[in-house]
1. Write out, first by first residue and then by second, each pair whose Cβ atoms fall under 7 Å of each other, whose residues are 6+ apart or on separate chains, and whose first residue, in the stretch 13-27, is under 16 Å from His79 (Cα atoms) while the second is in a helix (DSSP H, G or I).
2. Which residues, taken from the stretch 320-329, are out of contact with any strand residue (DSSP E or B) (no Cβ under 7 Å at 6 or more places or on another chain) and buried (at least 20 other Cβ atoms within 10 Å of the Cβ)?
3. If you go through the stretch 253-284 one residue at a time, how many are surrounded by 22 or more Cβ atoms within 10 Å (Cβ to Cβ) and either in contact with a His (Cβ under 8 Å, 6 or more places away or on another chain) or assigned to a loop (DSSP other than H, G, I, E, B) (or both)?
4. I'd like the full set of residues that are surrounded by 13 or more Cβ atoms within 10 Å (Cβ to Cβ), of a type in the set (Lys, Arg) and out of contact with any Phe, Trp or Tyr (no Cβ under 8 Å at 6 or more places or on another chain), limited to the stretch 176-234.
5. I want to confirm something. Restricting to the stretch 235-249 and keeping residues that are of a type outside the set (Val, Ile, Thr) and touching a residue at least 40 places away in the same chain (Cβ under 8 Å), which single residue is surrounded by the most Cβ atoms within 10 Å (Cβ to Cβ)?
6. Go through the residues of the stretch 323-331 one by one and say whether even a single one is in a loop (DSSP other than H, G, I, E, B) and among the basic types (Lys, Arg).
7. What do you reckon, is Asp198 of a type in the set (D, E, K, R) and outside any helix (DSSP H, G or I)?
8. Does Val227 qualify as being under 25 Å from Leu269 (Cα atoms), of a type in the set (Val, Ile, Thr) and at pLDDT 90 or above?
Amino acid sequence: MDFDNEDHSAKLLRAQIHIFNQTFSFINSMSLKCAIDLCIPDVIHKYDQPMPLSQLISALPIHPCKASFVARLMQILTHSGFFTQHNATENEQEVSYVLTDASRLLLKDHPFSLTSLPKVILDPILVNPWFQLSNWFTNEDPTPFHTENGMTFWDFAGCEPKLNHLFNDAMTNDTRLVSSVVIEKCKGVFEGLESLVDVGGGTGTMVKAIANSFPQLKCIVFDLPHVVDGLQETGNIKYVEGDMFEAIPSADSIVLKSILHNWNDEECLKILKRCKEAITNKDKGKVIIIDVVLGNEKEDSELNQTKLFYDVEMMVLVTGKERNERDWAKLIFSAGFSNYKITPILGLRSLIEVHA
């Protein structure tokens, strides 16, 4: 009986720890945001060797009365995998810190810097709707973001320069990394094509990478007026404003990078049908989708969790969702396309070729 009680107590305590960890997990996110705001990765990188805690404190833009708290911030950031700690030895009287692969992607000058993503996701504009989540389940609003702000995410971005800037910055940084992998690993996807439209292409990061590798391609960046306003045509790239639900410029191929997960099935079906109408060459024409595909059993738990996070983020901010292969196939065939091929080569996302 004593052993049974001990086992029961152990289960209760493990359950308590699990609840505590899930409740406090926001601390990882907000500590990361703090590190970015204080430029901690850049400060350590500039030091160019393991940086002692005292040197780090001296280099940070903090009030002197906060110096003793830096070690505690660094402790959670180290535990989260953003820094590696070098413990003191006989010759070194204090701990030192070096960057990890993750914190290198937070350097301002890194070619694939991702600092903008935490900045926009953790901004109050996008955090506050989460406080409406339980309330949203009891009302008819399309999203918790709408419950919080009285309008859709897209309408809000169109009239709020701060959100528009943060969002476009984050998408640009993400696309820069993804496009480099696409060009390196999936060049064959674009061979033989003469024209391409990047739907929802923002400021043209993806198209610029593609056009640089395939100068014969005539490329169009197609997005909402407030996104492409003031962007100038360069070389074989031009910017066109419009609404993808109404019509998409004609081309051999259409690129949809992180677009469809923003919309529900009915809305995605409309977009895909507009894509099919826009494809000029029905023999070699295609839609190139870069998006999350749920349900790969070979994936590690961290990647699966990230996909699930993304799915609920889409529920809170917009009307979209992440999809498994069966969901994708249903959409693709319902829109009138003949076949598709999924290549899981982009980490969080996959490349999906859809043929007319």
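1. So the pair list comes out as Ile27/Ile76.
2. Gly320, Lys321, listed by residue number.
3. 0
4. Across the stretch 176-234, the qualifying residues are Lys185, Lys208, Lys218.
5. From the stretch 235-249, those of a type outside the set (Val, Ile, Thr) are 235-236, 238-239, 241-247, 249; that's our starting set.
Then drop every residue that is not touching a residue at least 40 places away in the same chain (Cβ under 8 Å), which leaves 244, 249.
Values: Met244: 22, Pro249: 15.
That would be Met244.
6. Of the stretch 323-331, the ones in a loop (DSSP other than H, G, I, E, B) are none.
Among the residues of the stretch 323-331, not one is in a loop (DSSP other than H, G, I, E, B) and among the basic types (Lys, Arg), which makes the answer no.
7. Details: of a type in the set (D, E, K, R): yes; outside any helix (DSSP H, G or I): yes.
Spelling it out, Asp198 is indeed of a type in the set (D, E, K, R) and outside any helix (DSSP H, G or I).
8. Working: under 25 Å from Leu269 (Cα atoms): yes; of a type in the set (Val, Ile, Thr): yes; at pLDDT 90 or above: no.
So Val227 does not fit the description; no.
The values are calculated or read from the model by the stated rules, or taken from the named source; none is laboratory data. The structure displayed is predicted, hence computed values, not measured ones. Cβ sites come from the backbone with ideal geometry, for glycine too, and all protein chains shown count toward neighbours.
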